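Asks: Got a structure here, written out as structure tokens. Questions coming.
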Amino acid sequence: MGEFIKVEGAYFSYNNSNKDFDINNVSFNVLPGEMLCIVGANGSGKSTIAKMLNGIIIPSKGSVIVDGIDSSSADLAFKIRQNVGLVFQNPDNQIVATVVQEDVAFALENLCVPSSEIGSIVNRVLNMVGMLSYKDRLVEGLSGGQKSKVAIAGVLAMNPKCIVLDEATAMLDPKSSYEVLNIVKNLNRKSNTTIINITHRMQEVAMADRVIVLNKGVVLAQGSPRDIFLNERVLSEAGLCLPQVSQFVKLLHKDGIVNEEIALDVDECVQILANLLEGA
Amino acid sequence: MVKSITLGRYFVGNSFLHRANPKIKILVTFIYVFVLFFINKICSYVFGFFVIAVLYKICKIPLKMAFDNIKSMAFILIFTGFINLFFGGNGEIIFKLWVFKITKVAVITTVFVAFRMFLLIVGMGLLTYTTLPLDLAKAIGDAFTPLKKFHFPAGEISTMISISIRFIPLLMLETEKIIFAQKSRGVDVSGKSIRKKVKFIISILVPLLVSSFKRADELAVAMESRCYRIGFSRTRYIVFKLGVKDLILFVCAIIFFVSLFVIGAFSWF
Ligand SMILES: Nc1ncnc2c1ncn2[C@@H]1O[C@H](COP(=O)(O)OP(=O)(O)OP(=O)(O)O)[C@@H](O)[C@H]1O
Ligand SMILES: [Mg+2]
């Protein structure tokens with residue numbers, strides 16, 4: 001199976017300088033149907049990469065190939081954007097319409113879907129994010145989490161093969177962000193949508209298939225969440241902090257209490273402790 | 001304060017007027033304004049007001065809101081009233097002081113104009129209270145559609161209007177936040193002198209502009225990400241289609257207007 005997105009030796013700089021690049025020789029692949037996480041400190045270039053993935057930003061050197069289409073081919077940019085949906089951090093800056101259903105319809109209008117067909121698509125995607133009953137509501141009156149779900153629905157309406165979440169849960173409380181992530185996870189499982197989650201919450205990293213660590217515009221490491229969690233050098237260099245359960249198990253391992261080196265999430269930690277108690 | 005402005009003048013409801021096609025509502029309002037100019041019998045005015053008051057009742061909009069509107073326009077109303085009263089006509093003079101004179105014709109005109117203005121505001125209120133600002137804007141934007149033939153960016157203008165309506169409340173909220181932030185930094189808000197006032201306004205305006213540009217930047221990226229392209233045709237999800245109900249509304253409105261004239265023709269005052 002070939003890769004869905006192929007980033008190859010991409011360079012980019014916002015101020016057109018040829019020395020300090022904001023994206024510096026970045027290469028990675030995204031496989032179809034995988035759940036990928038991109039982590040990195042503030043200013044490491046995560047959002048810039050996100051915009052590269054759907055052709056908003058074209059690398060000054062190197063290439064981004066999405067589903068066989070080079071992002072620099074201007075007349076096909078449309079196709080790439082439809083295939084790779086971007087969800088941003090602040091839903092207020094991405095919702096264009098005043099009424100929920102009209103915002104969800106925005107991309108469909110742009111794609112020239114006939115008016116008579118838009119309604120059923122809007123209903124379907126609003127149902128997917130659990131916002132169908134809010135269809136006629138004004139966006140103004142919604143909570144942050146609800147607005148984020150509307151923003152996701154607006155992207156889902158394009159029926160993209162891949163969704164990129166650029167810190168889409170950063171402004172949400174734990175419950176809302178859990179709900180939003182769950183929606184995305186279900187999409188990944190049920191419709192095999194490729195998910196690229198850009199985040200600095202390490203709990204979210206744990207649920208990815210693969211992680212890319214970015215630092216100052218360079219890919220610092222790639223691997224499974226477990227590999228990354230165990231790589232102390234990478235973690236400290238990228239300024240990342242393990243979730244508390246992981247730190248807890250790591251300390252237990254250091255003191256020779258448990259055999260397992262790390263736990264990715266609470267469930268795993270509970271399992272480790274249960275095994276420990278059983279053995280005692 | 002900001003919250004009360006967010007919905008513009010729209011009054012949430014589900015009456016037949018709320019659901020009616022905004023284009024028809026605008027058209028009817030337009031004819032209504034026109035009709036008002038030709039009505040000059042108190043009886044018609046009273047009947048007109050009665051019908052409108054009943055409509056307010058049906059739409060469950062407190063009539064008080066219409067009166068509040070009039071209060072906010074009081075200055076203009078009184079001013080035009082004065083102009084009419086003192087300079088409004090020739091003929092039999094009933095009062096005179098220096099260059100000011102009041103004629104009988106002027107008194108009558110003033111009364112009529114007052115009635116007209118009153119009915120105008122109350123009647124237009126019915127349109128703005130029952131129609132979402134966005135729908136109003138869209139209906140008006142649609143009026144430009146025929147100009148597309150002449151390369152007029154009608155679609156872009158519609159999008160622009162709807163985005164502005166979406167972002168006005170956000171900007172209001174932001175302004176309020178900035179005012180608080182600047183106050184807490186010790187910016188003098190109560191300064192009386194022009195210099196201090198200008199300084200205060202600049203201290204609000206600069207951050208507001210900066211944040212608006214940032215917002216606009218993000219919005220542009222989000223729109224492009226969702227396949228928005230300038231200069232390309234797009235379809236429309238919500239099209240205001242004319243239904244039978246809208247035709248009935250229109251016919252009823254015409255009957256109402258005609259009856260205003262008929263009542264006028266058969267009454268003495
Ligand atoms: N519009 C812009 N103009 C100039 N420089 C920019 C612009 N946007 C980002 N940069 C610079 O590019 C670099 C990468 O920024 P980017 O927004 O991609 O980081 P990020 O990893 O998304 O950070 P954050 O976690 O804060 O969202 C930063 O050094 C930033 O200063
Ligand atoms: Mg970012």
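Every read-out reported here was derived from the displayed coordinates using simple, explicitly stated rules and does not represent laboratory data. Keep in mind that what you see is a predicted model, and the values were worked out from it rather than measured. No Cβ is skipped: glycine too gets one built from the backbone with ideal geometry, and neighbour counts run over all protein chains shown.
Asks: If you put +1 on each Lys and Arg Cβ and -1 on each Asp and Glu Cβ, how big is the dipole of the stretch B:169-230 around its Cα centre, in Debye rounded to 20?
Replies: Approximately 380 debye in magnitude.
Asks: Farthest toward the dipole's positive end in chain A, which of A:ASN42, A:ILE80, A:LEU235, given Cβ charges of +1 (Lys, Arg) and -1 (Asp, Glu) about the Cα centre?
Replies: A:ILE80
Asks: Ok, one more. Sticking to Cα atoms, compute the Rg of the protein assembly as shown to one decimal and its Dmax as the biggest Cα-Cα distance, whole number, in Å.
Replies: So, for the protein assembly as shown, Rg and Dmax equal 31.2, 114 Å respectively.
Asks: Continuing with the same structure: For the pairs A:LYS46/A:LYS147; A:LYS79/B:LYS241; B:LYS64/B:LYS241; A:LYS185/A:LYS216, note any where the Cα-Cα span goes beyond 24 Å.
Replies: A:LYS79/B:LYS241; B:LYS64/B:LYS241; A:LYS185/A:LYS216
Asks: Under a plain spin-label model, where a point goes 7 Å from the Cα along Cα-to-Cβ, how far apart in nm are B:ARG9 and A:PHE248?
Replies: Output for this residue pair reads 6.0 nm.
Asks: For B:SER267, put the label point 7 Å out on the Cα→Cβ axis and report which residues of the stretch B:13-52 keep their amide N under 16 Å from it.
Replies: Hits in the stretch B:13-52 for B:SER267 at 16 Å: B:36-52.
Asks: Given the stretch B:29-101 reduced to its alpha-carbon atoms as identical point scatterers, what log10 I(q)/I(0) does the Debye formula return at q = 0.16, 0.19, 0.20, 0.26 Å⁻¹?
Replies: Log-scaled intensity ratios, in q order: -0.85, -1.04, -1.10, -1.24.
Asks: Across the Cα atoms of the stretch B:130-269, what radius of gyration and what greatest pairwise Cα-Cα distance (Dmax) are found, in Å?
Replies: Answer for the stretch B:130-269, Rg first and Dmax second: 23.7, 69 Å.
Asks: What does DSSP give for chain A in terms of the percent of beta bridges that are antiparallel, rounded to the nearest 5?
Replies: 50
Asks: Tally Lys and Arg at +1 and Asp and Glu at -1 over the other residues with C-beta under 14 Å from the C-beta of A:PHE248: what net charge comes out?
Replies: -4
Asks: Right, next: Count the DSSP beta bridges whose two residues both fall in the protein assembly as shown, then state the antiparallel fraction as a percent rounded to the nearest 5.
Replies: Once the DSSP bridges in the protein assembly as shown are tallied, antiparallel ones form about 55 percent.
Asks: So how do A:167-177, A:151-161, A:254-264 stack up, highest first, on mean other-Cβ count within 10 Å?
Replies: Ranking the peptides A:167-177, A:151-161, A:254-264 by packing returns A:151-161, A:167-177, A:254-264.
Asks: Restricting to DSSP loop positions (anything but H, G, I, E, B) with no more than 16 other Cβ atoms inside 10 Å of their own Cβ, which chymotrypsin sites (Phe, Trp or Tyr not before Pro) remain in the stretch B:44-132?
Replies: Answer by residue number: B:TRP98.
Asks: What value in Å³ per residue do you get for the convex hull of the alpha-carbon atoms in the stretch A:160-280?
Replies: Dividing the Cα hull volume of the stretch A:160-280 by its residue count gives 125 Å³.
Asks: Next question, about the same structure. For peptide B:161-168, compute the average count of partner chain beta-carbon atoms within 10 Å of each residue's beta-carbon.
Replies: Going residue by residue through B:161-168 and averaging, the value is 4.
Asks: Same structure, new question: Could you work out the relative contact order of chain A? I mean the mean sequence separation of Cα pairs under 8 Å and 6+ apart, divided by the number of residues, in percent.
Replies: 21
Asks: Along each of the three principal axes of the Cα atoms of the stretch B:169-230, give the extent in whole Å, ordering the values from largest to smallest.
Replies: Extents along the principal axes: 50, 19, 17 Å.
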